[in-house]
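The values are calculated or read from the model by the stated rules, or taken from the named source; none is laboratory data. Quantities reported herein were computed from a predicted structural model and do not represent experimental measurements. Here the Cβ positions follow ideal geometry from the backbone for every residue, glycine too, while neighbour counts run over all protein chains shown. Heads up: the accessible areas ignore ligands, DNA and RNA and are worked out on the full protein's heavy atoms, side chains in. Shrake-Rupley method; radii C 1.70, N 1.55, O 1.52, S 1.80 Å.
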Amino acid sequence: MLLDEALRGAAAAGAEISSIRCCDLKISGCHECGGCDQTGQCVIDDDMQQVYPKLLEADVIILASPIFFYGISSQAKAMIDRCQAMWCRRMLDKTPEDRRKFSGGRGYLICVGATKGRNLFEGAQLVAKYFYDALDISYEGGVFVHKVEKKGDIAQHQDALRQAYELGKTASSVAVST
């Protein structure tokens with residue numbers, strides 16, 4: 001629901017939006033086979049091959065996931081792990097000096113978790129930061145909501161829904177205007 005609100009905000013700002021649901025795709029984990037080392041392209045033929053072009057063309061990427069054991073869902077993590085190929089591509093295409101700046105856009109993270117633990121979102125944020133780094137985009141923060149136990153419980157957090165809408169609107173209006 002938070003991602004839907006962010007996408008609604010992005011659409012209101014005039015952005016063209018699309019959504020990828022990792023749980024609907026067949027994405028193998030990274031095999032660490034080295035197939036992408038010299039080309040920056042993954043050699044595993046599965047649904048991830050449909051995802052790479054979308055990641056490359058996006059100006060803004062919003063990753064959304066519930067928190068499981070202080071991390072993102074396994075489906076999202078499989079997609080992220082497969083972006084090792086994107087990391088290799090970045091290493092091949094950019095000089096060490098050029099790698100210090102991002103030229104691909106901006107990334108955001110939306111997470112909900114059942115507990116109120118102080119460090120609940122730290123693991124997910126680290127994963128997101130390095131996921132976006134592999135995609136050559138900057139990590140810009142996000143919306144993080146504690147005490148969301150079940151699907152639909154976020155409806156009780158109207159402030160978080162407004163934050164997600166504004167995140168989408170603000171992130172997209174910057175992307176649309178450039």
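For (1) in contact with a Ser or Thr (Cβ under 7 Å, 6 or more places away or on another chain); (2) of a type in the set (Gly, Ala, Ser); (3) in contact (Cβ under 8 Å) with a residue 60 or more places away in the chain; (4) more than 29 Å from Ala15 (Cα to Cα), each residue gets a yes or a no:
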| residue | (1), (2), (3), (4) |
| --- | --- |
| Gly34 | no, yes, no, yes |
| Asp37 | no, no, no, yes |
| Gln41 | no, no, no, no |
| Met48 | no, no, no, no |
| Val51 | no, no, no, no |
| Lys54 | yes, no, no, no |
| Asp59 | no, no, yes, no |
| Ile67 | no, no, no, no |
| Ile72 | yes, no, no, no |
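Only one of the numbered conditions (1) under 11 Å from Gln84 (Cβ atoms); (2) surrounded by 13 or more Cβ atoms within 10 Å (Cβ to Cβ) is not met by Glu32, and that is (2).
For segment 131-142, the criterion of a residue being more than 18 Å from the chain's Cα centre (by Cα) and not β-branched (Val, Ile, Thr) is satisfied by no position. Every residue in segment 110-166 that is at pLDDT below 95, under 16 Å from Leu3 (Cβ atoms) and open to solvent by 50 Å² or more (accessible area, probe 1.4 Å), please. Residue satisfying the conditions is Lys151 alone. Looking at Ile62, is it open to solvent by 20 Å² or more (accessible area, probe 1.4 Å), assigned to a strand (DSSP E or B) and not aromatic (Phe, Trp, Tyr)? Criteria met by Ile62. Quick one: is Cys23 open to solvent by less than 30 Å² (accessible area, probe 1.4 Å) and either in contact (Cβ under 8 Å) with a residue 12 or more places away in the chain or of a type in the set (Gly, Ala, Ser) (or both)? No.
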